[in-house]
Amino acid sequence: NTDVQSVYGIKDTNTSYGNLRNNSKIVEQTITGSGIKATSGNVKVDFTKDIGWYFDLKAVSGGGERVNIDSIFAAGVLSVISNVPATSLCTAGGTAWYYQIDYLSGGDLGGTNQNIAEKLVGGLAVGQVIIKLGETGAIKNLITDATGKVTPNVVKKNANIKSNTVGGDVKRVGWREI
């Protein structure tokens, strides 16, 4: 199945928004991919007027890209892993992409972090765990591929927020498949 799937960030007001794709108050981000990197169009999202953002998973694969691993939110960054299965039904494997997303806009992390996604080496991914290293305070995403190999990836700093921690009046932050 190569139907296009999407990633959404929605403000939860405990009301129905109807069909999100037809709602004029949701901002579409455009992802452009080439080779092993992908960038975002970074359209501004104003949560006083807009209900959220979304982007389609098709820039790097043309279709068939799937988020089948739980996404993780840490330090202002939404970490999303997508898998693109091999095109032949008789062939195991495929490729995986690691997205580091500004949770407020659905775009890249700003500053020098202009890539929103990078292709992972090693085929399909099967899991991710985010840890903070005690001595340095560095935040790492340990991504496991289908062979069992674990690769540490640095969780980049979100330059779009004042610090790499999120405070203030946050009531609920959650990510799930809908």
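Worth a mention:
- Fraction of antiparallel bridges per DSSP, the range 21-84 only, in percent to nearest 5: 75 percent
- Nearest-20 debye value, the chain charge dipole, Cβ charges on Lys, Arg, Asp, Glu: 240 debye
- Shape call, the chain: gyration tensor on alpha carbons, a/c limit 1.5: oblate
- Taken about its Cα centre, the range 23-73 carries a charge dipole of roughly 100 debye when the Cβ of each Lys and Arg holds +1 and the Cβ of each Asp and Glu holds -1.
- Restricting the range 4-44 to trypsin sites (Lys or Arg not before Pro) in coil, as DSSP defines it, with at most 11 other Cβ within 10 Å: K44
- On the beta carbon distance between S34 and V121, with R0 = 22 Å, the FRET formula returns roughly 0.80.
- Residue-normalised accessible area of the chain, expressed per residue, 1.4 Å probe, Å²: 57 Å²
- Among residues other than V126 with Cβ under 11 Å from its Cβ, the summed charge is 0 (Lys and Arg +1, Asp and Glu -1).
- Relative contact order %, the chain, counting alpha carbon pairs below 8 Å whose residues are six or more apart: 19 percent
- With both labels modelled 7 Å from their Cα along Cα-to-Cβ, the N23 to D3 distance reads 2.0 nm.
- For the peptides 128-134, 50-56, residues were scored by their other Cβ atoms within 10 Å and the scores averaged per peptide; the highest-first order is 50-56, 128-134.
- Sites excluded, GluC sites (Glu not before Pro) in DSSP loops with at most 16 other C-beta within 10 Å, longest stretch of the chain: 1-134
- Positive minus negative residues near T48 (Lys, Arg vs Asp, Glu; Cβ under 13 Å): +2
- Among G18, V121, L109 - extreme Cα towards positive end, dipole of the range 15-162, charges at beta-carbon: L109
- Sites D56 and A138, calculated FRET efficiency, Cβ-Cβ separation with R0 35 Å, nearest 0.05: 0.65
- Greater than 22 Å apart at Cα, pairs in K37/K132; K11/K44; K58/K119; K119/K157; K119/K149: K37/K132
The values are calculated or read from the model by the stated rules, or taken from the named source; none is laboratory data. Remember, it's a predicted structure, so these values are computed and weren't measured experimentally. Note: ideal-geometry Cβ built from the backbone for every residue, glycine included; neighbour counts use all protein chains shown. Note: accessible area is taken over every heavy atom of the protein model, side chains too, but ligands, DNA and RNA are not part of it. Shrake-Rupley method; radii C 1.70, N 1.55, O 1.52, S 1.80 Å.
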